[in-house]
Each structure stands twice: as structure tokens, then as C-alpha cells.
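Data first, discussion second: the structure below is written as C-alpha cells.
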Amino acid sequence: PAAVGAAAMAVCRGGVLRVLVLQACWALVVAQVRYSLAEEAKAGTVVGRLWQELGVEAVDAEARRVRVVWQGRRSGVEVSGASGALVVSSRVDREELCGKGAPCVLRLEVLLERPLRVFHVELEVTDINDNAPVFPAARKNLSIAESSLPGSRFPLEGASDADIGANAQLSYTLSPSEHFALHFKSPDENRKSLFLVLAKPLDRETLPVHRLVVTASDGGRPSLTGTMELVISVLDVNDNAPQFNQSVYKVQLLESAAEGTLVVQVNATDPDLGIYGEVIYEIDTIVPPSASDVFSIDVKSGEIRLTGSLDFETVTFYELHIKAIDKGTPPLSGHCSVELEVVDVNDNAPEVWVTSLSVPVPEDSSVGTVVALLSVSDRDSGANGRVHCTVRPSGPFDLVSAFVGSYSLVLREALDRERVSEYEVEVRAEDGGVPPLRVSHRLRVPVSDVNDNAPTFTQAVYTVLVRENNAAGAELARLWARDPDEAVNGRVSYSVAEGGVGSAMSGGDWRPASSYVSVDAESGRLWALQPLDYEELQVLQFEVRAVDAGEPPLCGNATVQLFVVDENDNAPALLPHAGGGLDVGVVPGASGSASLDVVSEVSWARVAWGSPAGQVVAKIRAVDADSGYNGWLRYELWEPQGKGPFRVGLYSGEVSTVRALEEGDGPRQRLVIVVRDHGEPSLSATATLSVSLVEGSEAALAAAAWPRLQPAASAEGGALSSTNVWLVVAICAVSSVFLLAVVLYGA
């Protein structure tokens, strides 16, 4: 370098001066020459002129066979035999010749023969700053634990400088770093201890490798430098806990999510290396604690999945505290939380329950009466939990909502227990979900009775036909009144209302109906208190009252028309004949059957011989207290049997001649006439008529008496004929009434 050449030239000039001084001294003191040469002088540089310094002529030196003997290592300096000049022939490197030794003196001997003389020459090679400091290695790798404390010292091998003296005095500097500094001390002038000092704690995760440059500067002018790169690897320690990428994970999940559903995947990182940075996951705590079996986490991936079922109605919010743990010793952990909001789905049907039920409901309850209080709820939320209720059948009931979740079942129409005694009410609740869920709740609402219905007979008029001569206590009919009320309100008791009765045969005398009949208070059976006699009583009309046991009692009435049906219990009765006598006898009936006791009346009549056929001789008169067929009489000629001169009218009872009377018919004819009714069995009476056959004069006498009897007889005969006509009419009327009564009774 130019700087080095300039320095060498300066040294050379200084050396020349020293040579002059040495020459002077040599002449005075010793025969020894000493030169000084700056290293790295250029080839050809004259260090000194030996012959001149030694006082030897150049010719003489050549003749005396000059020899130069180097002591030790030969340097790059040679002696020119002709001129005796000490010249630099090759590179002179002080460090190569002497290393760190100082001073660096090269010795040589100059031998001259004829005579032999020895000259000692010393050549001092002076140092120039031609060597920069050199570190043992251009790059130094260090490993420092990040847990090292500030002030920690790490020894470094310093640089070396082949120069000596001030040129070898080194100083060190470090590239800027907030974490490191250099410290060096000099135990002696040639040795310096170098240390790398930690000024600030390291953090591998922030800066895992520090690259620094250590510069060594020598004391030369100009100063030379050498550098060494420090590559400092920060050794990891488990000083970092795992960190989640979120401190809170917020998740929404439908409550209908199936088992195995991924809830969320948490992620934690650990900037440490190796096992210090390997993270495993676990669920630390769960709120509520009862949900510990609902979630699971994959220890490696951090996936949180459902292992149980969610139920919004039980738990609406879960908080999971997740812990991430590294594998350091001791292990460090990081934490996060997962906030899981359960989203409701319409998975719960409404619930209906009765909080109050006032049954039975009296049928006279007013409109608006509260029958039941119902509570309605739906465990779902929002529209899924909004419930609407209806009642079926709508009928007499309605639902009124007092406030949310509460309904009143009230009457909106009047009740009638006799029409509907019990209602099956269905309360239907439907939520607002999609699709909606429904539930029904059934209520039995019985209606209690009040006495609002009077007993009602099945017939307003009962027609009862009773044969006369019934037994006392015989059941005549059964009356029934219906009261639709229940219990005591529908319990009916019967009684006969006092009334009157008229009887044609009794002349219209009034007698109370209770003297003839009685009604059972409980069963309504109509009993006869005594035998009835048609001839005394034909029609009995009275009222029967039915009274319930309610409060107040209600009653109903029915009219009973009791018709006494005639029995053939009266035999025909013969009317006495004027001037006749009576005879009592018993005569067998015409049909051969035995008859009841009858009265036989013996009458007398006279008829003249030769009376023509059809001549009325007499008239038998009889009546029957019975009516209808039982009172319809017919007359039969019982004796004499066969063909006699007389006959009797079947219904008129007139005895007339069949033919003209002859003397052969005898003076007297005895006729037995039987009077029979049409009853079953028929009853009869007999009349004996003694007919005398007389001459005309006697007949005239009889005729004289006849006019007096004739009007009466004619009147009586007309009355009997009229009676028979009315009997036929009565029979027809009674038969018609009987037939109509049977038809009505059957209906």
C-alpha cells in the first residue's frame, strides 16, 4: 500500500542517519555495523554500504574474496560484492522473520581474507502496521439460553495481530445491540480477555438469532481492523405458555344438533420449540357442571364436539373453559373460554294443566261463570313458545285469557242439564312454531241439577177401563210422570186430587174420588179401594198430582177418566102385571145352562074361541139393570114345546096367536116364557102366562074390562119399545167408545 511505502521511506531516512552515527561510533568503538530496515521495503532498496562503513576499498574487497555469512535465517537482504552495498533483494517480513520477537535483529558476518578480518553486521527490521488484527475464525457461533440473566458473561477468543508494539495493541467494538455488550480487560499489555456480556434478557420467540460483528482495531497509524461475525442462537426454554388465537369463542348451536356435531375448533400456539411448543387441549371446567358429559375435546386438534344432547329448555348457555398445556417441565398452560348459546327449536309441545276446576256446574249458572282456570306454557322461547288456545266444542264454553299463560274457561250460554248432563271439553293449545306443535287437554264438566222442571205425565188424559165388580185393592192402571231433574229434584210422589163424580143411577150424588181409588205415592199405581158397580157409577173423572221433592217443589197434573165397564151381573126383572099375582120359581135356561135366581110372574089372560092368527093375547114386560148387550133382552116361549097356538115376540114380549084358536086347543093354555139378556153368560127370568079359552060372551066381559087396561098397557108397551131402541143405540155408542179407548190406550 501507498501508506506502507511512505512509512518505509520515512524509516529509511531515519536509518541512514543512524548509519552515519554508527559509522562514527564504529571508528571510535568497535568494528561493528548496525543497520535498521523497515519491513516490507521494496526490492533494490539500499540498506547500507558496507565497504564504505568498514573502510574497505571496493577493489580490495573484491580481491580479498569477501564472503557474507548469515547467522540464522537468511533474510531478503544481500550484499553486493562489487559495491559492498546491503540491498533488499526480496520481501522482508518482520513477522515472518521474527514473529512477535522484538527487536527483530538479523546478524551477518562479513569475512575478508588476506588478511582475514571479520566484521559483524546487525540489521534490525523494524515493524510497520502491515498486519490487520485477525480473529481465529471469521464466524463464531454461540448458543445462549434465553433464560440467561442479564450480566452473564460469555468468553470470546480475541483477535491476534502479527505486528508488535503499538501496531499490535488491539481495541474491540461490537455492532449495535440492545441485548449484548463487549467487555475486555488486559492482564498484561500483550493479552486481553474478551467477553460478550448479556445486557438485556433474551427472548427466542422474539428474535431467535442475533447476528453481531466484533471489530478489532490495532493501534497503528492508520489503524487496521479485523472483524468476526457472531451468530448467537438463542436456546429455547419453556418460558412461553400456549396462547389461543381468541380469548373467547362465541358459538351458536341449535338444540337439535346431533351427537358428534362439531361445536368449534380452538387453536393455541406456543412459540417455544420442540416439546416446549407441543400443545395438548383439555376442558378445564364447564358451566353448568352438570354438562360435563355433553362435550368432549380432541387433545391434539382442539375440536370440541357434542357427546350428549342439548336442551334449550334446560340450559340455554354453556361456558367451557379450555386449557392448552405444553410439554415443558414444568408445563405451562394457556386458557380461553367457549361461550355456547343454545338456539331454540320448536321441539316442545305446549303444556296445559288445570289449576282450578269448579265442577259440577249448576245448570242455572249465569253467563260468564268461571268453570276452570287453566295454565298454559311452552318450554320453547320466542314464537316457538307463544301459545294460542281454543276450546272444542265451542258450545256453551269459551276461553278468556286474563294474562299470558293463563286462561279461564267460562260459560257463554245457559246450561240445561236435562238436555246435556255432561260436557267433554277439549282445550287445544297450539304454539307458533313452524311447523306448529299441538296438544289437547280434556275436561269433564258435569252439570249439576236444579229443580227447574215440573213432573210431566206421559199423557195429559188417562183413559182407564175397569170392569165392574172388581176386587178391592185391584190395580187399575199405572200412571207415570217424568221429571228430567235428578236425585231429589226428580223424585216424584203421586196423589189423588180431590174431585167429584156423578152417577146416573145414584141420581147425581157427589162422592170424593178418593173414596173409590187410591194412587201409590212412589210407583204411581192406581188401586181400587172398593168394587165398582156400573149401575152405580159409569164414569169417574179425577186428577192425579205428581210432585217432585225439589226446593221449592214443582208439580204436574193429569186427568184420569175411569170408565166402569158393565158386567152381566143383573138378571132380567119382570114387571108386575096389573091384577096379576106373583109366583116364585126356578126355571132352567133355554140353552140348558143354569141361570141365576129369577122371579117367575104368573099372569092370566082370556082369549075367545076362534080368535084369528096374530091376535095379541098379552105382553110380557121385563127390564135389566145392565146396559148394552147385557141389558138387551129377548123373549122365548119355553112351554109348551112344539107347535102350539101361541108365540111370543123375540124382542117385544108380545104373546100372540099363531093360528085361529079351536076348541081342540082346550079350555086353558099354560105358557112359560123365558126372558134372557145377551150377556156372557146370559141371565134369564121366567114368566108364566095362563091363557083361558072362553066363549064370546066371556070374551066380551073381558073386553069390557080391557079398555081400562089398554091405555096403560099401550103406554107401557110404547115405553118398552122405546127402551129397547135406546138400548140398541147405547150398545153401539158404548162399543164405539170402548174401541176408541182401546186404540188410544194402545197408542
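The values are calculated or read from the model by the stated rules, or taken from the named source; none is laboratory data. Since this is a predicted model, take the numbers as computed values, not measurements. Positions of Cβ are generated from backbone atoms using ideal geometry, with glycine treated the same way; all protein chains shown enter the neighbour counts. Accessible surface is based on the protein model in full, side chains and every heavy atom, while ligands, DNA and RNA are left aside. Shrake-Rupley method; radii C 1.70, N 1.55, O 1.52, S 1.80 Å.
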(Q) Can you give me the orientation-averaged projected area of the convex hull built on the Cα atoms of the stretch 139-235, in nm²? (A) 6.1
Q: Just name one of Ala383, Tyr407, Ala372: the one whose Cα is farthest towards the positive end of the charge dipole of the stretch 351-448 (beta-carbon charges, Lys/Arg +1, Asp/Glu -1).
A: Ala383
(Q) Below 14 angstrom from the Cβ of Ser223, what's the summed charge of the other residues (Lys, Arg +1; Asp, Glu -1)? (A) -3
Q.
Need one number: nm distance between label points at Arg444 and Ser89, each 7 Å from Cα along Cα→Cβ, rounded to one decimal.
A. 14.5
**Q.** Projected-area mean, the stretch 123-184, by convex hull of Cα positions, square nanometres
**A.** 5.7
Q) Share of the stretch 351-448's accessible area from carbon and sulfur, percent, 1.4 Å? A) 52
**Q.** Histogram of C-alpha separations across the stretch 243-343, 5 Å bin width, %
**A.** 3, 14, 24, 24, 15, 10, 6, 3, 1, 0
Q. What accessible area per residue comes out for the stretch 607-668, rounded to a whole number of Å², with a 1.4 Å probe?
A. 50
**Q.** Within the stretch 308-340: backbone nitrogen closer than 12 Å to the Thr285 label point (7 Å, Cα to C-beta)
**A.** 319-322
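Express the accessible area of the stretch 456-565 per residue in Å², computed with a 1.4 Å probe while the remaining protein chains stay in the model.
49
Using a 1.4 Å probe on the protein heavy atoms, what percent of the accessible area of the stretch 139-235 belongs to carbon and sulfur?
The C+S portion of the solvent-accessible surface of the stretch 139-235 is 51 percent.
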Q: Take peptides 640-650, 618-628, 215-225 and line them up by average Cβ neighbours within 10 Å, highest first, as a rough protection proxy.
A: 618-628, 215-225, 640-650
Q. For the stretch 508-581, what % of the accessible area comes from carbon and sulfur atoms, probe 1.4 Å?
A. 51
Q: Pull up the cross-link candidates among the lysines for Lys327, meaning alpha carbon to alpha carbon under 29 Å and not fewer than 8 places away within one chain.
A: Lys200, Lys250, Lys300
Q. If Lys and Arg each add +1 and Asp and Glu each add -1, what is the summed charge of the other residues whose beta carbon sits under 12 Å from the beta carbon of Phe244?
A. 0
Q.
Can you give the FRET efficiency to the nearest 0.05 for Glu536 and Val370, using r as the Cβ-Cβ distance and R₀ = 56 Å?
A. 0.30
Q.
Give me, ordered by chain and number, the residues 5 or more places off Leu123 or on other chains with an amide H under 5 Å from its own placed amide H.
A. Tyr35, Leu106, Arg107, Leu108
**Q.** Evaluated over the stretch 84-166, the Cα radius of gyration and Dmax, each in Å
**A.** 23.0, 82
Q) If you wrap a convex hull around the Cα atoms of the stretch 435-566, how much volume per residue is inside, in Å³? A) 131
Q. With no solvent and one point on each alpha carbon, what is the Debye value of log10 I(q)/I(0) for the stretch 351-448 at q = 0.15 Å⁻¹?
A. -0.57
Q | Estimated FRET transfer efficiency (Thr314, Phe403; beta-carbon r; R0 35 Å; 0.05) | A | 0.85
Q: Give the peptides 245-253, 169-177 in descending order of average Cβ contacts within 10 Å, highest first.
A: 169-177, 245-253
Q: Take the stretch 369-504, compute every pairwise Cα distance, and split them into 5 Å bins from 0; I just need the percent in each bin.
A: 2, 7, 13, 13, 10, 9, 7, 7, 6, 5, 5, 4, 4, 3, 2, 2, 1, 0, 0
Q) Using mean Cβ contacts within 10 Å as the protection proxy, how do 352-361, 314-323 order, highest first? A) 314-323, 352-361
Q.
Given all pairs of different Cα atoms, what value in angstroms does the Kirkwood hydrodynamic radius of the stretch 236-279 take?
A. 12.8
Q. Using the alpha-carbon centroid of each, what span in Å lies between the stretch 339-375 and the stretch 390-460?
A. 13
